[in-house]
Amino acid sequence: MTSILFAQQPVDTTFVDHKYKEDQFYFSITYDLLGKKPNGIKQSGFSSGIHFGIIKDMPINERRNKAFGIGLGLSVNSYNQNMLISSDPNGGYNYEVINESVITIKRNKFTTYLVEAPIQYRWRTSTAREYKFWRIYTGVKLGYLLYDSSKFVGSIDDVKLSHIDDFNKFHYGLTLSAGYSTWNFHVYYGLNSIFKDSAQLDGKSVDMNSIKIGLMFYIL
């Protein structure tokens, strides 16, 4: 009888552990979209992103369910689409929409590899004694491009490029993660373009940004 009564007791939210923090590893899988696409550009297949790292938790209230978080991680993002990137004899790059009535596309994608620093405001229903809880983490993510590549495989000669100067080195955007326990919905909205203004398609800048939607897993 004692054990039954004990099991029915509510979670003690008054207990305070001044060492309690949510230092966490994170791992995310996303579906990567291209926003602000120029006319004629479309995505195909599944464009994926993989993101992982660690976040330092810094509580700001006595209950320690509100905090700031600063982290460091890595991100790999592939975008399948119909824009051919090729080099020209002068050391620059050409951008064109592939005419699929003339050219067959087997694979056409560009990939970015980033080191990232998420900065978050964190709210959760956790206590020092309760480790399954609801959370809403929002903030910004800063990224620096380590490596990039572009690959076309189709009915014409394969085109493979890397270290393309027209990719922006710095990336930044808004983030939101919300969910219960380990499973969380995650979205990232890029605030700047993937490409520099020097990337021109039909005389206009390729001003596409990145939008990532997927799942975020937090692991203590």
Q) Which net charge results when you count Lys and Arg as +1 and Asp and Glu as -1 among the other residues whose beta-carbon is under 14 Å from that of residue 169? A) -4
Q | Cα pair distances exceeding 23 angstrom across the range 107-205, given as percent | A | 47 percent
Q | For the chain, the longest site-free run once GluC sites (Glu not before Pro) in DSSP loop states with at most 14 other Cβ atoms within 10 Å are removed | A | 101-220
Q: May I ask for the net charge around residue 88, where only other residues with Cβ less than 13 Å from the Cβ of residue 88 are counted and Lys, Arg are +1 while Asp, Glu are -1?
A: -3
Q.
Using DSSP to call loops (not H, G, I, E or B), can you name the chymotrypsin sites (Phe, Trp or Tyr not before Pro) in the range 22-76 whose Cβ has at most 10 other Cβ atoms within 10 angstrom?
A. 46
**Q.** Sum of side-chain charges, residue 33 neighbourhood, beta-carbon under 13 Å (Lys, Arg +1; Asp, Glu -1)
**A.** +3
Q.
Only counting other Cβ atoms within 10 Å, I'd like 163, 186, 171 sorted with the fewest neighbours first.
A. 163, 186, 171
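Laboratory data are not the source of any read-out in this text; all were calculated from the coordinates shown. Everything quoted here is computed from the prediction, not taken from an experiment. Neighbour counts are summed over all protein chains in view; Cβ atoms, including those assigned to glycine, are modelled from backbone coordinates with ideal geometry.
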